[in-house]
Every structure is written in C-alpha cells, then in structure tokens.
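Before we start, here is the structure in question, set down as structure tokens.
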Amino acid sequence: MLILGNGRLVTRDEKNPYLENGAVAIDGNTIVKVGSCEEVKAAYPDAEFIDAKGNVIMPAFINAHEHIYSSFARGMAINGYDPKGFLDILDGMWWTIDRNLTLHDTYLSAMATYIDCIRNGVTTIFDHHASFGSITGSLFEIEKAAKETGVRSCLCYEISDRDGKDKARASVMENAEFIRYALKDDSGMIAGMMGMHAQFTISNETMELAAANKPDGVGYHIHVAEGIEDLHHCLKHYGKRIVDRLMDCGILGEKTLLGHCIYINEHEMDLIKETNTMVVHNPESNMGNACGCPPTMHIVHKGILTGLGTDGYTHDMTESYKVANVLHKHHLCDANAAWGEVPQMLLRGTQRLQTAISNRNWAY
C-alpha cells in the first residue's frame with residue numbers, strides 16, 4: 001500500500017474537485033481512497049508515505065488526438081520543402097515521412113513518443129497512425145511499444161486513397177485486424193478504432209470498404225475540415241458539406257472522433273450534436289499549419305463532447321492547454337474566453353471521451 005499525500009489534490013469528482021492538503025491511497029494499480037491527507041493516512045496507517053511537499057496531485061492526462069510517427073519530424077529539414085498552403089505541408093512533410101517508414105521505424109517513433117508522454121504526465125493517447133511505406137503490422141508495432149512503456153493506447157490506421165487502392169485496402173485490413181485483436185484484450189490498456197485520413201482523400205468505394213470491415217462496437221477516427229481545401233473538395237465533388245457526407249456514409253455516432261472541425265457551420269454542429277459524435281481540438285497544430293481557428297468555444301457551448309489533443313505537435317498536454325487558452329482569447333477578442341472551456345476539455349472532456357470509446361474508465 002502506498003500513499004501520495006501532502007499535496008494540492010485535483011480530482012474529477014464534481015462534488016469535491018479540489019483539496020488543499022489531499023492524498024491518494026494506492027494498492028498495486030488501483031486507487032482505493034482519495035481524501036484529505038489526515039483521513040487517508042488514518043485509514044492506512046501502515047502504508048508507505050510519499051510526501052508531495054505541496055505540489056499538485058492529479059489524474060494523468062489524456063491526449064485525444066496524437067500522431068506518433070511525427071516524432072521523426074523533430075529537427076527535420078527536407079530538401080526543397082517550401083509549402084505555400086496546407087496541402088503542400090501534408091504532401092511535402094507528413095506524407096513524405098510516412099511513405100518512408102519501416103515497421104521498425106514505427107516502433108522507434110512510438111517509443112520516443114511514449115517516453116515523452118510519460119515525462120509530461122500523459123498516460124492515455126488516441127493515436128492516428130500512417131506509415132504507407134509499411135502498413136501491415138504497423139499498429140502492432142505501436143502496441144508493442146505501448147505495452148513496454150505502460151501507456152494506454154487507442155490506435156487506428158489512417159485509411160486514404162492517396163497512394164492507390166491497394167494501399168487503401170491494406171489500411172482497412174490493418175485497422176480491422178487490430179480492432180479484433182484489441183476487442184479480445186482484457187488488460188484495459190489497448191483499444192482500436194477505424195481510422196480515416198480525411199474525406200478528400202477517401203472515395204465512396206473506400207468508405208464502403210471500411211464500413212464493411214469495421215467490427216461492431218467501435219467507431220471512426222477522422223480529420224474533419226482541418227483545411228479549407230477539404231471543404232472545397234467536398235462541395236465540388238459531392239455537392240455537400242463534409243459532415244453531411246460523413247452522415248450519409250454512416251461515419252457519425254457516439255463512438256466516432258472528429259479531429260479539428262475548423263470549417264464547419266451551425267448545421268454541421270447540429271448533426272454532430274444529434275448523433276453524439278465527439279470532437280477533438282488541436283490548437284497548436286491548427287496555428288502551426290496556418291489552417292485557421294475552429295469555432296471550438298461554440299462547439300463546447302452547444303454541448304458537444306469535446307476533448308483536447310496535440311496532433312503530434314507536442315506530447316505535453318499543458319502546452320496544448322496554454323495555446324488553446326490564448327488562441328481563443330485572441331481569435332474572439334475576448335479576454336474572458338476559454339478560461340472555463342479549455343480546462344473542461346482537458347480534464348473532463350477527454351475522460352468522458354475515452355470512456356465512451358472504450359467502455360472503460362482508463363484514466364487514473
């Protein structure tokens with residue numbers, strides 16, 4: 001038995017969210033009691049005591065949208081890379097990296113990411129993987145690193161037609177195989193989703209293939225309206241907005257995760273709300289890629305379950321918290337914006353989100 005105490009205790013209990021001098025009693029991997037330092041020590045007088053010395057004690061963070069393979073972009077310089085817009089960034093940087101990844105590269109990128117996650121107090125991630133150089137078995141390489149480091153992981157592979165139909169099919173099958181594997185796992189440490197890049201790189205044929213091979217009980221993880229080009233493509237080729245197309249393809253639902261949602265309108269928000277679909281905000285990525293600022297404050301105010309992610313830009317959720325806070329103040333010209341909404345996304349939204357997807361309460 002172990003007690004971590006004499007710290008400023010932050011909980012996820014709405015009735016008792018904060019204790020100035022709190023403690024947590026831990027038996028193995030299970031938290032057995034949370035309360036004041038005095039009452040927890042009295043309940044377990046023989047437990048080993050670790051003094052937090054007035055520092056913060058709180059549940060670990062959850063990163064609701066991550067890209068593990070992005071660890072290889074750190075410090076990278078690509079010859080001739082001079083992006084003029086978001087599509088240039090995708091093709092010139094990210095797709096160039098993922099087309100050259102081997103399975104071992106994927107494993108190493110996962111180890112680097114997980115180590116950074118642990119350093120930053122992140123113990124659960126939702127990863128959206130791409131390695132079109134080596135698709136089959138790639139999610140299992142990430143899972144191997146997850147087991148070695150002890151980070152809970154919900155994994156998916158990014159389905160896309162951008163490198164042809166054969167690789168799109170292989171991506172669907174990688175998702176399906178890993179989902180079936182994860183559904184049989186009883187450790188509470190692994191889950192799977194049907195991953196999709198974005199509607200502008202996925203044909204109706206591939207959408208149907210993914211739906212036909214998705215095991216029951218799981219949802220989709222897809223980028224939505226991250227760039228204006230995504231919206232323009234959907235309007236031009238399908239005569240409808242992005243969320244409408246996803247609705248028609250059966251993508252929306254209570255276990256589906258939509259990343260970004262920068263260029264969505266009121267009608268699309270209503271569809272997301274009505275279908276209990278979830279959204280993830282990635283502020284640093286949106287700024288770094290010059291994509292724009294999403295209407296996240298309005299999305300939250302509409303009651304749409306919204307989590308916070310990093311999109312692989314960082315593995316530090318407090319950095320994402322900070323950037324989100326200042327981004328929406330600046331964008332809305334409102335000094336009071338985001339004070340309540342961003343902590344809600346970080347501390348409550350991500351927890352509810354992972355519970356909805358996994359049917360388990362992963363966070364500790």
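Please treat every number below as a calculation from the coordinates, not as lab data. All figures in this text were calculated on a predicted structure; none of them were measured in a lab. In this analysis, Cβ positions are derived from the backbone assuming ideal geometry, glycine residues included, and neighbour counts consider all displayed protein chains.
For helix 138-149, report the angle its Cα long axis makes with the longest principal axis of the Cα atoms of the chain; keep it between 0 and 90° and round to the nearest 10°.
10 degrees
Check Val122: other-chain or 5+ apart residues with amide H under 5 Å from its amide H, H built from backbone geometry?
Counting only residues 5 or more places away or on other chains, the set is Phe61.
I would also like to ask the following. Hey, rough spin-label estimate for Lys33 and His237, points 7 angstrom out along Cα→Cβ, what's it come to in nanometres?
Going from the Lys33 label point to the His237 one covers 6.0 nm.
Rounded to whole Hz and in sequence order, give me ³J(HN,Hα) for region 247-252 from the Karplus expression 6.51 cos²θ - 1.76 cosθ + 1.60, θ = phi - 60°, writing x for Gly and Pro.
So the J values, rounded to whole Hz, are 4, 5, 8, x, 7, 5.
If you don't mind, another one. Starting with the highest mean, order 220-226, 96-102 by the number of other Cβ atoms within 10 Å, averaged over the residues of each peptide.
In decreasing order of mean packing, 220-226, 96-102 become 220-226, 96-102.
Efficiency by 1/(1 + (r/R0)^6): what FRET value for Ala77 and Lys144, r their Cβ-Cβ distance, R0 = 30 Å, to the nearest 0.05?
On the way: r = 30 Å, r/R0 = 0.99.
For R0 = 30 Å, the calculated efficiency reads 0.50.
While we're here: Among Trp95, Trp339, rank each residue by its count of other Cβ atoms within 10 Å, from fewest to most, as a rough exposure measure. Before the final figure, lay out each step's value.
Numbers: Trp95 19, Trp339 11.
Fewest-to-most ranking of Trp95, Trp339: Trp339, Trp95.
If you don't mind, there's one more thing I want to ask. Going 7 Å from the Cα of Asp166 along its beta-carbon direction, which residues of region 132-151 have the amide nitrogen within less than 19 Å of the resulting point?
From region 132-151, the list is 132-138.
Which distance in Å, rounded to a whole number, links the C-alpha centroids of region 69-99 and region 262-319?
Cα centroid to Cα centroid, the span is 23 Å.
For Trp339 and Arg180, calculate 0.36 nm times their separation in residues minus their Cα-Cα distance, and state this gained length in nm to one decimal.
53.2 nm
Still on this structure, I have one more. Using the per-residue mean of other Cβ atoms lying within 10 Å as a proxy for protection, in what order, highest first, do the peptides 241-253, 152-164 fall?
Packing proxy ranking, top to bottom: 152-164, 241-253.
Return the sequence-ordered ³J(HN,Hα) values of region 191-207 in whole Hz as given by the Karplus equation 6.51 cos²θ - 1.76 cosθ + 1.60 applied to θ = phi - 60°, using x for Gly and Pro.
Listing the rounded values in order: 9, x, 9, 8, x, 9, 5, 7, 4, 6, 10, 10, 6, 4, 4, 6, 4 Hz.
Could you compute the FRET efficiency for Glu14 and Ala290, with r as their C-beta to C-beta distance and R0 at 35 Å, rounded to 0.05?
E between Glu14 and Ala290, to the nearest 0.05, is 0.40.
Regarding the chain, what's the average projected area of the Cα-atom convex hull, expressed in nm²?
Reported value for the Cα convex hull: 18.6 nm².
Would you calculate, for the chain, the mean residue ellipticity at 222 nm contributed by helices, counting each DSSP H stretch of 4 or more residues as -39,500 (n - 2.57) and dividing by all residues, to the nearest 500?
That calculation yields -11000 deg cm²/dmol at 222 nm.
Would you mind checking the pairs Lys165/Lys273; Lys255/Lys302; Lys84/Lys167; Lys184/Lys255 and listing those with alpha carbons more than 23 angstrom apart?
Where the Cα-Cα span goes over 23 Å, the pairs concerned are Lys165/Lys273; Lys84/Lys167.
Now for a separate question. Put a dot 7 Å past each Cα toward the Cβ at Asp116 and Asn265; how far apart are the dots in nm?
The answer from the label model is 3.8 nm.
Return the distance in nm (one decimal) between the two label points of a simple spin-label model at Glu274 and Lys322, each offset 7 Å from Cα along Cα→Cβ.
That separation, rounded to one decimal, is 4.2 nm.
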